[in-house]
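Please treat every number below as a calculation from the coordinates, not as lab data. The shown structure was predicted, so the numbers you read here are calculated from the model rather than taken from an experiment. Cβ atoms come from the backbone with ideal geometry, glycine included; neighbour counts cover every protein chain shown.
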Amino acid sequence: MLVSGGAGYIGTHTCVALIEAGYDVVVVDNFSNSEASAIKGVEQITGRDIAFEQVDTCDIEALRGVFLRHEFDTVIHFAAFKAVGESVAEPLKYYMNNLTSFMNVCALMKEYGRPNILFSSSATVYGEPDALPVTEQSPRQPATSPYGNTKQMCEDILRDCCHAYDGVDGIALRYFNPIGAHPSALIGELPRGVPNNLVPFITQTAAGIRECLSIFGSDYPTADGTCLRDYIDVVDLAEAHVAAINRMVGGKMEEKYEIFNIGTGRPVSVLELVNTFERVNGLKLNYKMAPRRTGDVCSVWADTSLANSELGWKARRSLDETLASAWAWEKHVRNI
Ligand code: UFG
């Protein structure tokens, strides 16, 4: 199958899980936010050579070449920009890239009669939910960033294509907060510059690269005053893709377009996550309470019963295990 953005954080872990499940993958990536070394990591873990093409999925003719050179009936589309704050500052960059690349993929899948499209969506589509946990039926809220808007728009593009075109089926997986790394520590998240996300900031602080973690907001209406999120191990997340692909290629979809929440179903506060990181890794983190970050929602976590029953998938890894893997990966990257 084709994996766009397969050199990225979730893409690499998913490639490993797909190969371990017996699927062949062709990876395209333009390395806009990833490194060739990530592909090497996948090859080391799986003991396989990865078919790779350095292609920008926004370039439809270059992408067409990939369709002509490789046989596949399924695409997993990860390739996208994902920094929420940057998307507010540079909306056109996000709309151009995230929408063009996804529409190119959909158009070529239709043109070449390749039926199965899996799209990386996000819990961001739920905004600040009225009721928790969120189910797939919970209303989407107006997007609070261009990034979030591209996720909603791509979901709608996929839904409309599936309804309009006989030969196109789609699944959108709404990821909650992916964290951690492969237990081998050969692949993981490689943020460029100052990390926006909590766990990379924590691991870089523990490694001495950042001086101090700011906990954004301690006055939220939660038990300890910090935000609640649903942190999912990236390897569990990768396995959810395999389960979704099995459903598609096995002809088990009940609708032409389906949506699944992919999370653990367990809310964890920022403070609990920091304390757990310290305990499992036996270290003290330099952190301080700071004002709220603009655009953050207070609480969001998943009802995962649909993915559990329909995909036969469940998040299995503990937060302890996941935060140990995150630190092992940071140490590997920094030679600590
Ligand atoms: N946080 C801190 N300090 C930091 C970074 C984050 O306290 O330095 C807090 C945030 O305020 C938030 C929590 O840690 O409460 C998680 O923040 P992340 O940035 O790791 O994740 P978000 O929940 O903000 O965003 C994630 C993805 C987005 C996606 C969103 C959907 O990164 O792509 O979930 O809800 F849109």
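Points worth noting:
- The alpha-carbon of Lys288 sits under 27 angstrom from the alpha-carbons of these lysines, leaving out residues fewer than 8 places away in its chain: Lys82, Lys331.
- With θ taken as phi - 60° and the Karplus curve 6.51 cos²θ - 1.76 cosθ + 1.60 applied, the whole-hertz 3J(HN,Hα) list for segment 145-162 is 8, x, 4, x, 5, 5, 5, 5, 5, 5, 4, 5, 4, 5, 4, 5, 5, 5 Hz, x standing for glycine and proline.
- Highest-fluctuation residue, Ala326, Ala243, Ala290 considered, GNM on the chain with Cα pairs under 10 Å: Ala290
- Residues Ile10, Ile157 in ascending order of nearby Cβ atoms (within 10 Å, fewest first): Ile157, Ile10.
- Hits among lysines - C-alpha to C-alpha of Lys256 under 24 Å, sequence gap 8 or more where chains match: Lys110, Lys151, Lys314
- GNM result for the chain, Cα springs below 10 Å: residue of Ala302, Ala238, Ala62 fluctuating most strongly: Ala62
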